[in-house]
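Coordinate-derived values only; no laboratory data. Remember, it's a predicted structure, so these values are computed and weren't measured experimentally. Cβ sites come from the backbone with ideal geometry, for glycine too, and all protein chains shown count toward neighbours.
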Amino acid sequence: MNKDDLIKTICDNVIQGRRTKDDEGIDDSLSGTPGVVELVGEALAAEVSVQSILKEGLSRGMDIVGKKFEANEYFIPDMLAAAEAVSAAMDVLEPHIMKAGLEPKGQFVIATVLGDHHDIGKNIVAVLLKGAGFQVIDLGTDVPADRIIEAANKNNAQQVGLSALLTTTMPEMKTTIEAFKKAGLREKVKVLIGGAPTSKEFAKEIGADAHCKDAFEAIAVAESHAGSR
Amino acid sequence: MHQRKGVLVRPVERLSTEQIKMIDQASMAIFADPGIICYSDIAAGYFSDNGAAVVKNSGDGGTGWIIKIPEDMVRKVVTTAPSVVYLGARKEENRLILDAHEPRVRFVSGSETNVWLESVVRGYVGEDDPEDKLRLVRFIRRRGTVADLTRAAHVAEHLEHLDSFIRTVNIQDEDIEESTKDVNKFFACLNNMTKHVMGGLTDVSQLDNVIRMAEIIAGGNEALRGNPLVSFIACVCKSPLQMVADSAEKMIEVAKRGFPVVISSSPQGGSTAPVDEAGMIAQINAEILSGVVLAQLVKEGAPVLYGSVPTRARMEDLHDMYGAPEFNHYNVDCAQMARFYGLPCYSTAGIADTCVPGMQATVEKLLSHIYVPMSGAHYVHYAFGLLERTNTFSLEQAVLDDAHIGISKRLLAEPRVGPDEITEALKQIREVMSTSHRLFARYVRKKLHSGEIYPGYPFANDERDEVLLGAHERVKQLLEKPVPHLPQDVIEKIYQKVPGIVTRLKQEAKSE
Ligand code: B12
């Protein structure tokens with residue numbers, strides 16, 4: 001494959017949500033052929049620029065998937081699989097991004113707060129953020145404030161996402177924000193919150209930077225934060 | 001041979017084997033006493049020539065015959081009826097194989113409604129709040145015409161789950177006489193769709209003209225035999241237990257020519273049959289079997305369908321009623337009886353008692369759209385567009401019924417659990433457990449896009465109920481799809497050889 005074909009095939013595999021050659025796609029058209037992980041390896045070996053892989057391969061694929069989603073042609077599973085493919089590719093690309101002197105989108109710590117085990121929505125947000133090029137540190141569910149602070153600190157995170165699905169665990173979001181203040185780290189991070197019972201008003205009330213009603217808003221907000229850094 | 005798939009089900013057995021046998025015996029007892037009253041001398045002749053006791057009816061002012069069909073005659077003759085009946089179609093993939101021993105369900109339109117529901121969309125403004133605006137589909141009732149039948153056939157061609165077509169509307173054009181109704185009816189269907197066309201005959205003298213038309217389309221007599229594009233319906237018995245001369249003789253003529261024919265009977269529980277299941281099924285079974293026996297006496301091996309159209313009577317006015325649970329019981333029982341005799345079953349589902357599409361219609365229809373097919377009946381007619389019992393047809397309703405039948409088919413699909421599925425499931429579970437997010441969504445995609453899993457209600461709207469507007473739009477879209485007209489030379493030949501078809505049906509085909 002020449003360089004252009006390689007990039008185009010990476011893009012096609014993102015659209016089909018294929019991480020490796022073992023993955024199935026939306027249909028059988030690419031079955032058994034290399035997925036993005038193998039293709040990105042090939043591209044790097046063929047000295048395709050990191051920038052082209054990112055822009056014309058991965059991002060372009062993700063854009064197309066997004067458009068298909070808006071046109072009701074694709075569904076959330078398609079978005080998730082495509083995002084997984086991008087994030088698998090990012091793992092391979094990461095060391096090269098630094099070398100190429102490109103600015104990464106940054107570190108994003110995400111967790112479901114203490115007392116709450118709901119994580120479907122939080123996981124969707126995490127996968128799609130990864131697919132959008134963020135480095136996501138997912139701490140799981142039922143996470144106390146001090147572990148979130150520790151992770152944000154250690155990874156030098158610019159953004160923190162908190163999820164809660166229970167009215168009874170929503171106050172824990174406030175507790176977490178207060179703990180960031182106490183630790184003197186509140187100014188260093190943007191805090192995004194989400195989960196069905198939360199709202200813009202609640203975000204304001206507890207001093208969060210943003211509330212996101214879904215994963216798409218989460219990406220938009222996280223990207224605007226990353227852009228304004 | 002290619003054929004339409006319909007849905008293969010695991011039949012529910014509402015009646016136990018014991019109960020089936022009891023009903024069978026009760027039907028035999030009905031043949032012995034009171035017997036069947038037969039008003040056709042020709043039919044009575046077939047019965048007496050073959051050893052049934054036939055005596056002049058002394059009741060009823062002495063018209064007709066009382067026929068007592070002996071049990072051994074029924075047993076012997078019914079087995080000569082084929083258990084597999086082929087229904088042909090203009091397109092090979094639209095053919096149907098109805099096999100009594102395979103519970104594969106097909107959904108079919110039906111009835112000859114007098115009323116056609118035309119629709120318009122109107123905007124409304126709230127009396128108290130002018131900001132509150134609504135768009136509603138409004139319906140206008142009018143008499144059906146051959147142009148309507150043409151439109152119905154065109155839409156039916158494009159309805160995914162409609163497997164075969166029975167004319168949905170009675171053509172009441174001024175220039176179409178009783179004597180030419182059949183050729184117009186069949187031509188309007190055959191020239192606008194490629195699925196199987198079934199219908200009743202208005203005038204038996206038109207049978208050969210209809211067959212000639214089908215021969216021209218199929219490419220000759222031989223070709224038509226191998227691919228019967230048309231088949232017929234005859235209500236041989238009028239309930240209770242009376243064999244009518246006109247329809248019995250129509251059936252005799254069809255059977256002689258070897259075309260598939262439905263031997264249908266439509267008793268109403270509570271008026272023309274007992275309301276109780278046991279009595280209703282014993283009676284309708286006797287009515288249908290008497291017709292099946294007659295067909296076999298006319299021509300051994302004549303292809304027939306066990307035509308069960310049992311309904312409930314409505315107690316306000318003794319009209320027929322379809323949204324009743326009893327209606328469903330009757331029809332499932334009949335499918336079991338047909339299976340018992342090894343005959344393919346023509347059954348009934350999807351009729352609403354209300355006059356307009358809407359919530360009531362949906363509830364009434366859905367009951368039988370789901371439950372009757374569970375019986376494994378082979379050819380479920382009346383399933384599309386019927387309202388006001390069977391007096392009104394609506395294209396919007398037909399489109400909705402198509403969608404709902406699609407859901408019903410998914411519901412009834414056989415479980416897919418086998419070694420391959422288990423291997424795949426374990427692989428998926430292990431793979432997902434090794435990820436951080438533990439979501440199975442990725443593995444849904446292929447089946448989602450191929451249509452294997454349910455995509456959601458096709459007329460969904462979260463804000464307000466706009467299902468009818470959606471159906472109206474869908475009808476418009478379908479009417480814009482191509483019409484599969486017959487080739488021009490075939491049309492010309494039909495007009496030359498088959499008299500009585502109105503010229504506008506040919507012009508319509510030309511202008512498109
Ligand atoms: C699935 C579910 C569960 C599953 C969770 C499985 C799992 N892996 O998560 C199980 C069965 C374990 C569960 C348990 C319980 N549940 Co529950 N559960 C639900 C349910 C049905 C769906 C939640 C969900 O996943 N939605 C789908 C996702 C995609 O949506 P989402 O979470 O809102 O996420 C989106 C956005 O909100 C946003 N978002 C979410 N998080 C974040 C984070 C960030 C940073 C950002 C930016 C955005 C964002 O983006 C997401 C994607 O678009 C809801 C009811 C409902 N329909 O909402 C009840 C519900 C949340 N549960 C409820 C309850 C009561 C419980 C239990 C207490 C029940 C019990 N008595 O044991 C336990 C709680 C256990 C615990 N301590 O957490 C109640 C909560 C009521 C309340 N008081 O608030 C609900 C509302 C049901 C109800 N109506 O009663 N539950």
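Work through the residues other than B:Ala53 whose Cβ is under 15 Å from its Cβ and net out their charges, Lys, Arg +1 and Asp, Glu -1.
Values: positive: B:Lys56, B:Lys68; negative: B:Asp33, B:Asp49, B:Glu71, B:Asp72.
Local net charge: -2.
With Kirkwood's inverse mean 1/r over C-alpha pairs for Rh, give me the Rg to Rh ratio of the stretch B:424-512, two decimals please. Display every interim value, and only then the final one.
Details: Rg = 25.2 Å, Rh = 18.9 Å.
Taking Rh as the inverse mean 1/r over Cα pairs, Rg/Rh reads 1.34.
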field: Antiparallel content of DSSP bridges confined to the stretch A:107-227, in %, to 5
entry: 0 percent
- prompt: By what distance, in whole Å, do the Cα atoms of the protein assembly as shown stretch along each of the three principal axes, largest value first?
  reply: 109, 62, 56
query: Fewest first, what order do A:Ser31, B:Ser290, A:Ser49, B:Ser231 take by the number of other Cβ atoms within 10 Å?
result: A:Ser31, A:Ser49, B:Ser231, B:Ser290
- request: May I ask you to work out the translational diffusion coefficient for the stretch A:31-83 at 37 °C, viscosity 0.692 mPa s, via Stokes-Einstein with Rh from the Kirkwood sum over Cα pairs, reported in whole µm²/s?
  value: 270 µm²/s
Entries in B:Lys256/B:Lys365; B:Lys299/B:Lys497; A:Lys67/B:Lys133; B:Lys91/B:Lys238 that, when Cα-Cα distance is taken, lie over 30 Å: B:Lys256/B:Lys365; A:Lys67/B:Lys133; B:Lys91/B:Lys238
- request: Mind giving me the FRET efficiency for B:Asp203 and B:Thr63? R0 is 22 Å, r the Cβ-Cβ distance, nearest 0.05 is fine.
  value: 0.45
query: Once the dipole of the stretch A:3-100 is set up with Lys and Arg at +1 and Asp and Glu at -1 on Cβ about the Cα centre, which of A:Leu44, A:Val14, A:Ala71 lies farthest towards its positive end?
result: A:Leu44
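Only Cα pairs under 8 Å and at least 6 apart count here; give the relative contact order of chain B as a rounded whole percent.
Working: 1067 pairs, mean separation 96.6, N = 512.
RCO, chain B: 19 percent.
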query: Sorted from largest down, what three extents in whole angstroms do the Cα atoms of the stretch B:357-446 have along their principal axes?
result: 60, 27, 18
query: Along the charge dipole of chain A, Cβ charges K/R +1 and D/E -1, which of A:Pro144, A:Leu93, A:Leu58 sits furthest on the positive end?
result: A:Pro144
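For the stretch B:82-111, run through the trypsin sites (Lys or Arg not before Pro) and keep only the ones in DSSP coil with at most 15 other Cβ atoms within 10 Å of their Cβ.
Taking the stretch B:82-111 and a limit of 15 other Cβ atoms within 10 Å, the loop trypsin sites (Lys or Arg not before Pro) found are B:Lys91.
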- prompt: Between the stretch A:168-229 and the stretch B:367-426, how many Å separate their Cα centres?
  reply: 48 Å
- prompt: Relative contact order (percent) for chain A, with alpha-carbon contacts under 8 angstrom and 6 or more residues of separation?
  reply: 16 percent
query: Just from the alpha-carbon atoms, what are the Rg and Dmax of chain B in angstroms?
result: 24.1, 87
query: Between Rg and the Kirkwood Rh of the stretch A:3-100, both from Cα atoms, what is the Rg to Rh ratio?
result: 0.96
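What pairs from B:Lys5/B:Lys409; A:Lys122/A:Lys190; B:Lys181/B:Lys481 go past 21 Å between their alpha carbons? Walk me through the intermediate numbers first.
On the way: B:Lys5/B:Lys409 11 Å; A:Lys122/A:Lys190 17 Å; B:Lys181/B:Lys481 27 Å.
Where the Cα-Cα span goes over 21 Å, the pairs concerned are B:Lys181/B:Lys481.
Considering every Cα-Cα pair within chain A, what fraction, in whole percent, is farther apart than 29 Å?
Numbers: 8072 of 26106 pairs.
Value for chain A (Cα pairs over 29 Å): 31 percent.
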Cα centroid separation - the stretch A:27-85 against the stretch B:14-64, whole Å: 73 Å
- prompt: Sorted by mean Cβ packing within 10 Å, highest first, what order do the peptides A:93-99, A:120-126 take?
  reply: A:120-126, A:93-99
Antiparallel content of DSSP bridges confined to chain B, in %, to 5: 50 percent
message: Below 14 angstrom from the Cβ of A:Thr141, what's the summed charge of the other residues (Lys, Arg +1; Asp, Glu -1)?
response: -2
- request: Evaluate peptide A:25-38: per residue, the Cβ atoms of other protein chains within 10 Å of its Cβ; return the mean as an integer.
  value: 1
- prompt: What number comes out for the charge environment of A:Lys213, summing +1 per Lys or Arg and -1 per Asp or Glu over other residues with Cβ under 13 Å away?
  reply: -2
Overall Cα dimensions of the stretch B:52-145, principal axis frame, Å, largest first: 76, 49, 26
query: Going by alpha carbons, how many degrees (0 to 90, nearest 10) lie between the helix axis of B:395-412 and the longest principal axis of chain B?
result: 90 degrees
task: Please determine, in degrees from 0 to 90 and to the nearest 10, the orientation of helix B:17-32 with respect to the longest principal axis defined by the Cα atoms of chain B, where the helix direction is its Cα long axis.
output: 40 degrees
field: Length added when fully stretched, B:Asp175-B:Ser16, from 0.36 nm per residue minus Cα-Cα
entry: 52.0 nm
message: Within the stretch A:141-171, list the residues whose amide N lies under 20 Å from a label point set 7 Å along Cα→Cβ of A:Glu201.
response: A:164-171
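Within 10 Å of each Cβ in B:430-443, how many Cβ atoms from other chains are there, averaged over the peptide? Working shown, then result.
On the way: counts 0, 2, 0, 0, 0, 3, 8, 12, 3, 10, 1, 13, 14, 3.
That works out to 5 on average.
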statement: Listing B:Arg212, B:Arg135, B:Arg4, B:Arg442 by rising number of other beta-carbon atoms within 10 angstrom, fewest first, gives B:Arg135, B:Arg212, B:Arg4, B:Arg442
task: Round to the nearest 10 and give me the degree value, 0 to 90, for the angle of helix A:76-99's Cα axis relative to the longest principal axis of chain A.
output: 80 degrees
query: What is the antiparallel percent of DSSP beta bridges lying wholly in the protein assembly as shown, to the nearest 5?
result: 40 percent
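Counting Lys and Arg as +1 and Asp and Glu as -1, each charge on the Cβ, what is the dipole of the stretch B:26-72 about the Cα centre in debye, to the nearest 20?
On the way: 2 positive and 6 negative charges, 23 e Å.
Using only the charged Cβ atoms, the result is roughly 100 debye.
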message: Test of understanding: extend the Cα→C-beta vector of B:Ala245 to 7 Å, then name every residue of the stretch B:21-55 with backbone N under 16 Å from that spot.
response: B:37-46
- request: Run down the lysines and flag those whose C-alpha is under 22 Å from the C-alpha of A:Lys3, throwing out any fewer than 8 positions away in its chain.
  value: A:Lys21, A:Lys55, A:Lys99
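Stretch B:Ile407-B:Tyr495 to full length: gain in nm at 0.36 nm per residue minus the Cα-Cα span?
On the way: separation 88, 0.36 × 88 = 31.68 nm, distance 4.16 nm.
Separation in residues times 0.36 nm, less the Cα-Cα distance, equals 27.5 nm.
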- request: Between B:Tyr124 and B:Leu318, take the C-beta separation as r, use R0 = 35 Å, and let me know the FRET efficiency to the nearest 0.05.
  value: 0.40
message: What's the whole-number percent of alpha carbon pairs in the stretch B:210-296 lying beyond 15 angstrom?
response: 60 percent
statement: One can check that the equivalent ellipsoid of the stretch A:162-217, built from the alpha-carbon gyration tensor with semi-axes equal to the square roots of five times its eigenvalues, has lengths in Å, largest first, of 18, 13, 9
message: With 17 Å as the cut-off, how large is the P(r) tail for the stretch B:132-274, expressed as percent of Cα-Cα pairs?
response: 66 percent
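Among B:Tyr457, B:Tyr322, B:Tyr443, rank each residue by its count of other Cβ atoms within 10 Å, from fewest to most, as a rough exposure measure.
Working: B:Tyr457 12, B:Tyr322 24, B:Tyr443 19.
By the 10 Å Cβ count, ascending, the order reads B:Tyr457, B:Tyr443, B:Tyr322.
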statement: Once the in-chain neighbours fewer than 8 apart are removed, the aspartates and glutamates whose Cα is under 13 Å from B:Lys447 read A:Glu24, A:Asp27, A:Asp28, A:Asp78
message: Could you compute how fast the stretch A:107-227 diffuses translationally, taking Rh as the Kirkwood radius over C-alpha pairs and applying Stokes-Einstein at 4 °C with viscosity 1.567 mPa s? Give it in µm² per second.
response: 95 µm²/s
Cα centroid separation, the stretch B:96-148 to the stretch B:243-294 (Å): 30 Å
